[in-house]
Amino acid sequence: MFRLAHFSDIHLGPLPAISYRELASKRITGYINWRRNRRLNLDHGLIDRITDDMLAAAPDHIALTGDLVNLALNKEIEMARLWLESLGPADKISVVPGNHDAYVPGALARCCRAWAAYMTGDGQKPPMGRGAFPYVRTRENLAIIGVSSARATAPFLASGHFSKTQAKRLAKILDTTGKAGLFRVVMIHHPPVRGATHAAKRLYGIKRFQTLILKHGAELVLHGHTHKPTVHRIDGPDGTSVPVVGVAAAGQAHGSAKPPAHYNLFEIDGGPGAWEIRFSRRGVTDGDGTIGEISGALLTANEQAG
């Protein structure tokens, strides 16, 4: 059995001191949103309690699906690097970037350099960059595959993109790891599901992603971005379907509009054609910030679509 933990949308805070020059960009709208909304709905003490509980569960690996920062300031990116180092060794944690990590032009490249150790595939050499995605790491009987949907966008937009170039690389990775009999986990920040979020935050390339999974297969897709605990399914090969699982923001306060903070814990067992996924959500259960099990379920990878 392999135990995989998944969390997302850390939005580490508080914001560091910010200059007028740094605000002369899309960051001005993000800063206003932070002051009016996000800082009030995020409880950064919860992130510590969530991660403490997650580490106590002794996962074999941790998947983090983006949005470590808020405005992609240089100080935020460095703070996130130090936070990752405190969380655990790079070979135990896999990261993909989110739209906030690519908030303005050039930010994604800086994140890729700073967090390279957590986004470098087997056999790859840092520094990472946009062209290094998707990456793949093999851990026991799992292939952990990191896809980047992050890109800088105009103000009031938070959309992502799954490109033709990444699709070609991902197809080869899925074929190779599938033939090796590995359980294939695809990490991406934006949900590759129609209607999962509104148009300004959607993933461009959903059809491309779903067509690729239909042809080449996968066992599990993990995403963040929506700050919601969701389970969708998309079509896989030969009439099967593949679970696509989202998660609440890791610091979301109890009583806000979005579900409170939690993480997903998967226990993966079995083998090719007979994989089983025991799936639980652990997080805030009350207004006092108590961490416990919220729900549990048994997912079957590649079950027959119906």
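The values are calculated or read from the model by the stated rules, or taken from the named source; none is laboratory data. It should be emphasised that the depicted structure is a prediction, and the values quoted were computed from it without experimental measurement. Cβ coordinates were reconstructed from backbone atoms using ideal geometry, including for glycine residues, and neighbour counts include every protein chain displayed. We work out accessible area using only protein heavy atoms, side chains counted, and drop any ligands, DNA or RNA first. Shrake-Rupley method; radii C 1.70, N 1.55, O 1.52, S 1.80 Å.
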(message) Suppose only helical runs count, i.e. DSSP H with n ≥ 4. What mean residue ellipticity at 222 nm does that imply for the chain under -39500 (n - 2.57) per run, divided by all residues and rounded to the nearest 500 deg cm²/dmol?
(response) -7000 deg cm²/dmol
(request) Express in nm, to one decimal, how much length is gained between residue 124 and residue 285 on full extension, taking 0.36 nm for each residue of separation and deducting their alpha carbon distance. (result) 53.9 nm
(message) Using Cα springs under 10 Å in a Gaussian network model of the chain, which residue among 193, 242, 185 shows the largest mean-square fluctuation?
(response) 193
(message) Tell me the angle of helix 164-179 to the major Cα principal axis of the chain, expressed in degrees between 0 and 90 and rounded to the nearest ten.
(response) 40 degrees
(message) For residue 79, what accessible surface area do you get with a 1.4 Å probe? Give it in Å², rounded to 10.
(response) 70 Å²
(request) Evaluate Rg over Rh across region 99-187, taking Cα atoms for both radii and Kirkwood's formula for Rh. (result) 1.00
(message) What's the ranking of 143-150, 85-92 by average number of surrounding C-beta atoms within 10 Å, highest first?
(response) 143-150, 85-92
(request) State the label only: which of [x] 0.97; [y] 0.94; [z] 1.01 corresponds to Rg/Rh (Cα atoms, Kirkwood Rh) computed from the shown model? (result) [y]
(message) Rounding to the nearest 10 and keeping the result within 0 to 90°, find how far the Cα-based axis of helix 206-216 lies from the longest principal axis of the chain.
(response) 30 degrees
(message) Let me make sure I get this right: for region 151-306, a, b and c are the square roots of the gyration tensor eigenvalues over alpha carbons, sorted descending. Under 1.5 in a/c it's rounded, otherwise prolate if a/b > b/c, else oblate. Which is it?
(response) oblate
